[in-house]
Structure formats: structure tokens, C-alpha cells
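Right, one structure below, let's go through it.
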Amino acid sequence: MVVAFDIDGTLAQAPFLPNNVRQMAPKPEMIRLLRTLSRAGIQIMIVTARPERYRADTEWWLRRQAIPYRILRMRRGGDNRPDPALRAEQVADTTILFDDKPENCLKVKAKCINVR
């Protein structure tokens with residue numbers, strides 16, 4: 001089983017701030033849930049609409065929060081699709097998605113848990 005977690009608004013306080021990626025505040029309750037699932041043997045995937053050019057800062061933030069994950073999927077350069085279309089592709093092979101945007105939940109085949 002693979003469970004996906006969005007970053008901005010789900011694991012981190014929204015919105016995404018390009019100049020402040022490393023300073024974004026975490027959402028401790030969601031990070032605790034992610035860690036619990038990981039300890040139970042669930043594979044964790046992190047998904048985000050952040051552009052690929054923010055990968056290094058995003059990976060740094062995930063390490064700083066001690067977030068275990070197997071895969072990090074980001075928006076490729078030149079991909080200007082709306083977030084719901086991107087998210088549907090990113091999580092095509094997952095069982096559950098945790099996401100703060102209801103419009104993303106409507107487009108995915110996985111069971112989506114909308115978080116606020």
C-alpha cells in the first residue's frame with residue numbers, strides 16, 4: 001500500500017512561499033500521522049505542485065521535519081497544467097491521498113482525505 005501526502009496545506013502551513021521554503025511551519029498532527037503510517041510499514045509518497053527547481057529546499061525541509069518517505073513527486077519544468085490534473089497523475093499508483101484542496105480530491109482515483 002502506498003499513501004501520498006501533499007506538502008503545502010497538508011504537511012506544512014499553506015501557502016507555498018518560494019522565498020521561504022525552508023522556514024515554512026509544519027503541521028505536527030499530520031506529520032505524526034505520516035510517521036505512524038510509516039512505522040506500520042506503509043510506503044509514503046510525498047506529492048507537491050511545487051516546481052522541480054525547489055527540490056533541494058523541499059528535501060531539506062522534509063529532512064528537517066524528520067519525515068520518512070520513499071518518493072517525492074514534484075511539478076516538472078514547463079508543466080503548467082492545473083493542480084488537479086497534475087495531482088491525478090502524481091498519485092495514479094497510490095491507495096490514499098491526504099490533500100488540503102477539495103478540487104484535487106475530486107480528480108484522483110485514490111481514496112482522498114481532505115485535510116484543513
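A short reminder: the numbers here are calculations on the coordinates, not readings from a lab. The structure presented is a predicted model; accordingly, all values stated were derived computationally and were not measured. Counting neighbours? That spans all protein chains shown, and the Cβs are built from the backbone with ideal geometry, glycine included.
Which stretch or stretches of the range 1-41 have amide N atoms under 11 Å from the point lying 7 Å from residue 57's Cα along the Cα→Cβ direction?
16-24
Between residue 35 and residue 116, 0.36 nm times their residue separation minus their Cα-Cα distance comes to what? Don't skip to the answer; put the middle values down first.
Values: separation 81, 0.36 × 81 = 29.16 nm, distance 1.86 nm.
Separation in residues times 0.36 nm, less the Cα-Cα distance, equals 27.3 nm.
Given the rule -39500 (n - 2.57) for each run of at least 4 DSSP H residues, summed and divided by the residues of the chain, what is its mean residue ellipticity at 222 nm, to the nearest 500 deg cm²/dmol?
Details: 4 runs with 36 residues, N = 116.
Per the formula, -9000 deg cm²/dmol.
By a straight-distance test (C-alpha under 22 Å), which lysines pair with residue 27 as possible cross-link partners, with residues fewer than eight away in the same chain excluded?
The reachable lysines, counting only those whose Cα sits under 22 Å from residue 27, are 101, 111.
Straight-line reach from residue 109: which aspartates and glutamates have Cα under 14 Å away, leaving out those fewer than 8 places along the same chain?
89, 93, 99
If amide H atoms are built 1.01 Å from N in the plane of the peptide, which residues on other chains or at least 5 residues away come under 5 Å of the amide H of residue 113?
Residues meeting the amide H criterion: 97, 98, 99.
Hey, any idea what the orientation-averaged projected area of the convex hull of the chain's Cα atoms comes to, in nm²? Please list the in-between numbers first.
Numbers: hull surface 25.6 nm².
Computing the convex hull of the Cα atoms and averaging its projections yields 6.4 nm².
Considering only 20, 80, 104, give the residue with the highest GNM mean-square fluctuation for the chain, with springs between Cα atoms whenever their separation is below 10 Å.
Result: 20 has the largest fluctuation of those listed.
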